[in-house]
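One structure is given below, encoded as structure tokens.
The values are calculated or read from the model by the stated rules, or taken from the named source; none is laboratory data. What you see is a predicted model, and the numbers here were worked out from it, not measured in a lab. Positions of Cβ are generated from backbone atoms using ideal geometry, with glycine treated the same way; all protein chains shown enter the neighbour counts.
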Amino acid sequence: MELKHASASSINKFVECPASWLVSYDTDTRYNSRTEKTDAGVLVHGALEIFRDPANGIEQTEAELLKCFKQFCGSRSMAESLDVYKRGLKLCKKVWELDQNHPTLPMHLAQTLGVEHKIVDFKLGDWALPMVGSIDRVALVINPKKETECVLVIEDYKTGNAKNFDELVNDDVQPIIYFLYAKHVLQPRIEEQGWTVTKIALVWTFIDAGQAVSMDEEDFQDLDSIVEYIGNIMAQMQSLVAKWNTKGVERTEFLAKYEKQNYHCSWCPRKAECSTFNKLLDLGKTVDLTNPSLSWEEFFKERDRLALAAKEFDERKQAADNIVKIWLQQENKEYIIAGGREWAAAPVNRTTFPVGAVGEILGMDFIYDAAELTKAAIEQELARLKSVDPVAHAKAKEAIEELGRRNTRPGYRKITSRKAKAA
């Protein structure tokens, strides 16, 4: 493994769990961590890069943003999944709504200077490694009363779970690294062109949650200490890689020494072989929460540990239930007898609407534009059709009802058990 540079995401991952960081960044052990959510995020970022790049001269309207999304999807195989496509389309619509009604800054007035701005070989203090990265959007909000003054906006789009202000300022190095880069590199460049930057505003926009968090210099205390901290982490990363690369090291035992429990354990691709995570699931070794000598720090650490274990157990239980459901369907059985109990799946009728068939009835434009193909969305489109063409509405409604009847099948809801009847 060769460590040539660092990034905000790699530092965050290293701090959370050095073992997970090692196997994620070593090309020999790297896991494929793609999911439908991450694929949708890639599509949205790509669409926004095309849409907001000033060089493309695209009119900043919702319709043009959706065109850019469809254009970008055409070049990506991940868009072949309908679920990924629809999730991405839904997120693009949310982006536009957030821009027009942004909770922190008048982002609809911001003038974009660049998109996917590359951070290359950025170093401060005694950093042993150059910093790299990519800023989603660099923009200016110009003071209407004094047009030579502006706020420099650094925006990052997130399509995953939202973080609050404290988590971003205290637990995530990405905002502070982007701020330092803006202060030491971007601000001087902009002011050389005659502007006066009165403020650097960081805006983390969480698209799916419809939320945004803004930060500025006042939120980051003692910048020199932060720069020193980042340099210290880089040195630790280099030291760990040197040990990892030592000839003859037994990697399983080595990784076990550097495992750390954190909030992302249940999503980690190496959790199956992580000794720390599997010890976590051994509830026989829990702390006595009623012990009066237990500190609150130990109490809440144990609480987080139990919550993480509960989430993992719930996921395993769902996986087990799915195996039972599939077996019952394949074998055409009503229940399984085990341990003196009957295990069965409670039946429930389920209606699905095939995409192609709905497209033939309501038109493919409806399929492309609908955020989700739900019964409510179909009913809304039928209501719209009724107002413009009652005859076409009657035919479409009848066809949709027939389609629903043909595609209603018995399904299974959840696994239940009761005492088995005596033979």
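Can you pull out every residue in the stretch 35-59 that is assigned to a loop (DSSP other than H, G, I, E, B) and without any contact (Cβ under 8 Å) to a residue 12 or more places away in the chain? It would help to see each step written out before you state the result.
Of the stretch 35-59, the ones assigned to a loop (DSSP other than H, G, I, E, B) are 35, 53, 57-59.
Passing the criteria: Thr35, Gly57, Ile58, Glu59.
Can you tell me which residue is nearest to Ile177 (Cα to Cα) among those in the stretch 189-211 that are buried (at least 18 other Cβ atoms within 10 Å of the Cβ) and out of contact with any Leu (no Cβ under 7 Å at 6 or more places or on another chain)?
Going through the qualifying residues, I end up with Leu202.
Restricting to the stretch 304-336, name every residue that is more than 17 Å from Lys271 (Cα to Cα), in contact with a helix residue (DSSP H, G or I) (Cβ under 9 Å, 6 or more places away or on another chain) and buried (at least 16 other Cβ atoms within 10 Å of the Cβ).
Scanning the stretch 304-336 gives Tyr335, Ile336.
Test of understanding: among Asp136, Asp121, which residue is of a type in the set (D, E, K, R) and crowded, with 17+ Cβ neighbours inside 10 Å?
Working: Asp121 fails: crowded, with 17+ Cβ neighbours inside 10 Å.
Only one candidate passes the filter, namely Asp136.
Pick from the stretch 225-257 the residues that are polar (S, T, N, Q) and not in a loop (DSSP other than H, G, I, E, B): which of them is farthest from Met131 (Cα to Cα)?
The first filter runs over the stretch 225-257 and keeps only residues polar (S, T, N, Q), leaving 225, 232, 236, 238-239, 245-246, 252.
Those left that are additionally not in a loop (DSSP other than H, G, I, E, B): 225, 232, 236, 238-239, 252.
Working: Ser225: 17, Asn232: 14, Gln236: 15, Gln238: 14, Ser239: 17, Thr252: 30 Å.
Once the filter is applied, the top-ranked residue is Thr252.
Given the criteria more than 25 Å from Gly125 (Cα to Cα), at pLDDT below 90 and part of a strand (DSSP E or B), does Ala212 qualify? Write out each step before concluding.
Values: more than 25 Å from Gly125 (Cα to Cα): yes; at pLDDT below 90: yes; part of a strand (DSSP E or B): yes.
The answer is yes for Ala212.
Exactly one of these conditions fails for Phe220: (1) out of contact with any strand residue (DSSP E or B) (no Cβ under 7 Å at 6 or more places or on another chain); (2) over 30 Å from Glu147 (Cα atoms). Give me its number.
The failed condition is (2).
Residue check, Cys150 against (1) hydrophobic (A, V, I, L, M, F, W, C); (2) in a strand (DSSP E or B); (3) surrounded by fewer than 18 Cβ atoms within 10 Å (Cβ to Cβ); (4) touching a Phe, Trp or Tyr at 6+ places or on another chain (Cβ under 8 Å), all met but one. Which one?
The failed condition is (3).
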